[in-house]
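All remarks here apply to the structure that follows.
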């Protein structure tokens, strides 16, 4: 355990100890930028509040901590339902936090849950999480950790994922077979495994059909609907549109869809769209969105089951990765009427 004190950390950052303390406790008077700076420095220097060190000496509770990027995202709210169902059956309650897609809040949430002596932690990392000192620290303290959906591959933990590569490749195969050739990809942020695997599936599917990635049609963004709208603006600013776009998830696809429609772009006649997740919105828009179905409820059940397995095995637990199946749901947004 690091002997770094709050005063030491404050000195390194050039701020007062009270600022560090309030930033780490997510006080509303501290700016998001300062919270981020303090949280990242705490992870870098392995600083732990005294309450965390003390809590680790006590008996842990029957509460499981869960961190997701956003609760409002239907996929993650459904995962949480699956987690709670199995946790409740085994006498556990859950405590849910959301990172808001930021590393700083993810670090703060992790520390808060461990300080509350959770029995274990389940996490889907934020889009900003390309450093993971805080999760490595959880493992060093002996707190069981399982990752799901968005994971840090380098951490030797239990993981529950889908085959993102195969799912993306299958989606692009469908588009090519439907007659589309110039296919774009509205990706998430660079640096996380899920994004990389989906891009590789997209790229290899194109190559398998003798096609190549057109760089101007391959854009990076985020995971929210507004990121899709921003992506649509960037596509509209080009001298030509792609014939089809594979979006990183359904919210981004819906954002693309709505902005394109506002601009008079016809779906799928001008641009076909494919999403990922199968959220309720995918079936409600017109034409309905072709999307990759992810078994969110099953993912939640599998994640907490892995954690329970780790509780039972203790130090003998051998981390494993559970890979769940997906399937492509073909709907009107990729109507196969267009042929080469």
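Things to note:
- DSSP-defined beta bridges in the chain - what % are antiparallel, rounded to 5: 10 percent
- Here is how the number arises for the chain: DSSP H runs of 4 or more residues each give -39500 (n - 2.57), the sum is divided by the residue count, and the result at 222 nm is -13500 deg cm²/dmol.
- Shape of the range 1-46, Cα gyration tensor, a/c cut at 1.5: prolate
- Cα long-axis angle, helix 296-313 against the chain (0 to 90 degrees, to the nearest 10): 30 degrees
- Using the Cβ-Cβ distance between residue 240 and residue 133 with R0 = 41 Å, the FRET efficiency computed as 1/(1 + (r/R0)^6) comes to roughly 0.40.
- Against the chain, whose longest principal axis is taken from its Cα atoms, helix 225-236 shows a tilt of about 40°.
- Prolate/oblate/rounded call for the chain, Cα gyration tensor, a/c under 1.5 rounded: prolate
- Among 218-224, 9-15, 64-70, the peptide with the highest mean count of other Cβ atoms within 10 Å heads the list, and the full ranking is 64-70, 218-224, 9-15.
- Rounded to 10°, Cα long-axis angle of helix 32-44 versus longest principal axis of the chain: 70 degrees
- Spatial separation of Cα centroids for the range 111-189 and the range 245-310, in angstrom: 17 Å
- Ranked by how many other beta carbons lie within 10 Å on average, peptides 141-149, 169-177, 272-280, 83-91 from highest: 272-280, 141-149, 169-177, 83-91
- Relative contact order (percent, whole number), the chain, Cα cutoff 8 Å, 6+ residue spacing: 17 percent
- Per-peptide average of other Cβ atoms within 10 Å, ordering 128-134, 74-80, 307-313, 317-323 highest first: 74-80, 128-134, 307-313, 317-323
- Residue exposure sequence - 186, 139, 299 - by fewest surrounding Cβ within 10 Å: 139, 299, 186
Bear in mind these aren't lab numbers, they're just calculated from the coordinates by the rules spelled out. Only a predicted model underlies this, so the values are computations on that prediction, with no experimental measurement involved. For neighbour counting, all protein chains shown are included, and Cβ atoms are generated from backbone atoms with ideal geometry for every residue, glycine included.
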